[in-house]
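What follows is one structure encoded as structure tokens, with my remarks underneath.
Laboratory data are not the source of any read-out in this text; all were calculated from the coordinates shown. Note that the coordinates shown come from a computational prediction; the quantities given were computed from them, not determined experimentally. Ideal geometry is used to build each Cβ from the backbone, glycine not excepted, and the neighbour counts take in all protein chains shown.
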Amino acid sequence: MEKRLALAVALCVGFLVLWTWIMERNAPPPSPAAVTAAGAAGADAAGVGSAPAPTVGDAGPASNGMEGMAAGSPPSAPPAAPAEAVAAPAEEEIVLELPQATVRLTNRGARVRSWILKGYRDHDRKPLDLVSRDAAGLDRLPLDLLVDDAAFAGRLRTALYRVERQDGGEDGTTTLRFTWSDGAGTGATKVLRAGGPGGLVEIEAAATVQGRPVDPAIGWGAGFEEDRGDVSENMGVGIRALRRRDGKIERRFQSKIKPGEPWIEEGSVEFAGVESKYFAAVFVPPPGTPVRVMTEAMRLVDDGREHFHLAFSIRPPAGAPVRLYAGPKSYEVLQAAGSGLDRLLDFGFFGFVAHPLFTALKFVHRYVGNYGWAIVILTLFIRLLFFPFLHRSQLKMRQMQEKMKRIQPKLKSLKERFHRLEKKEAEKGGAGARARVRQQQNEEMMKLYQEEGINPLSSVSGCLPLLAQMPILAAFYTILSISIELRQAPFTLWVHDLSGKDYPLVILMSATMLAQQLMTASAIPDPAQRRMMYLMPIMFTFFFINMPSGLVLYWLVNNLLGIVQQYLVNKEADAQARAAAAA
């Protein structure tokens, strides 16, 4: 009893020490008001720094940094709009360098003009911009401040904000502060902090209308990335709105959100935003913070054609910061960003197979430097892994086929004999007798199978090699569909994009599959089964015609290895047949 009591006391003390240590680490920084009260006159009221912020292009020490970004804790006070008139004399451009992107903002509306990702190209081989070309035409650019008053919202978009910048914080933080006020109680302040993990940008915003505080929403869009029109939502391609709540992600394609019928949700979300096949722009509110997220479809008529684009916004409570991730859906980058953003990559039902394959593919690529050759090597490894099982199964099936061919004359004679008996019973009009004749025929056939050592169900085992590869095929499809590493990744010869379609590669794949089926079907005695085998390459051609060329490459290499294995099986089966005949 004394030992248990001592253990309980020790656990309680340890828990209190650990709790105190955690609370001290996660304690929010002192508020600017407290700093002012201590005598630090001139400290920035929004928490940007402890000294007046320099103008754009000037470097100064940043005291607030990104400490609150990882934890997502709200600041002690929102960045209040100033009471006096504040505005810039002219429009200017501000450049913000992030690990994954170069962001160009304008002080007119304190909005983003371009968000160009580093190391990525669009379909025209130009630097890839996550800001849609039609965003300016719809006058909805990223980081717009949105309020219910349409007139005030228009003023926020056209106002020339004064910009203050701080670079070179202790943790490499860059802080941008945009301020505008008409001097009559109407104005807005927006603070951006960049330099946190994963290239996230923390955003705080505040606005007042005639002295009355309002909670503005922060937007992205209209549109995202290229908004290409030749995409198939049935193939999982296209612009989608998403939000993660209670550990589950809900997605809606652009076509599912109609103009005038926005997708609105209020409450706590883990993150929300928009995404394409390979890129995403999502906002991450502080954990447990109630927000209002809205995705709407905006209509644009250009050259007589009607286009629709998604526009997303998130409205946090006053003073609560939100973090923005806009970049590639790269597994390593999303993991570094934290907040569960790696869940943007959906490995599907066979995730337990897809994730190890994805890791193995990247491991092989690290040494060969080409994802096409990495697929070839990984396919060879998987084939070698399944070789004993596949070889035994195919050899057994081939032996059964040879036995079936050998008894075909006996089976034909047996069927003809019972067919004559059944015909006689039919002439007599005995329905019950005909059923007895059929039952006797089946019994005679089973007896013949037993005498020859044939299992009629053994032909089903021929499907097992294909069925065993289905999870791997599905896992490969998922990997090659969502992996940005394979986007525009070349292989060799004419294959320049392993994530795109490649019709010549599909034809080669179909030809190798036909050759494999010819080698397999040659021993099948049933003509109907042979015809079915010959139809499989045609069916697979239609199945693979729109698939990523990386997946077609996997199946092509798999077919070539299958041809080699089938040759070995046929050779061994023929040798066994000759040995049995000699004996």
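The table below gives the values:
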read-out: Where labels lie 7 Å past Cα in the beta-carbon direction, separation of Lys415 and Arg252 in nm; value: 5.8
read-out: Fewest-first sequence of Met445, Met547 by Cβ atoms within 10 Å of each Cβ; value: Met445, Met547
read-out: Per-residue HN-Hα couplings for the stretch 84-90 [Karplus 6.51, -1.76, 1.60; θ = phi - 60°; Hz; x = Gly/Pro]; value: 7, 5, 9, 6, 8, x, 7
read-out: Neighbour net charge for Val333 - beta-carbon separation under 12 angstrom, K R +1, D E -1; value: -1
read-out: Residue order, fewest to most beta carbons within 10 Å, for Met446, Met397; value: Met446, Met397
read-out: Estimated D of the stretch 242-400 in µm² per second, where Rh is the Kirkwood radius over Cα pairs and Stokes-Einstein applies at 25 °C, 0.890 mPa s; value: 128
read-out: Distant-in-sequence amide H partners of Asn370 (H built 1.01 Å from N, under 5 Å); value: none
read-out: Positive minus negative residues near Asp144 (Lys, Arg vs Asp, Glu; Cβ under 9 Å); value: +2
read-out: Peptides 553-561, 353-361 ordered by average Cβ neighbours within 10 Å, highest first; value: 553-561, 353-361
read-out: Contour excess over end-to-end distance, with Cα ends at Lys423 and Arg531 and 0.36 nm allotted per residue; value: 35.9 nm
read-out: Phi-based couplings in Hz for the stretch 101-107 (Karplus 6.51, -1.76, 1.60; Gly and Pro marked x); value: 7, 10, 9, 10, 10, 10, 6
read-out: Per-peptide average of other Cβ atoms within 10 Å, ordering 103-109, 340-346 highest first; value: 103-109, 340-346
read-out: Long-range HN-HN contacts of Phe279 with modeled amide H, under 5 Å; value: Lys329
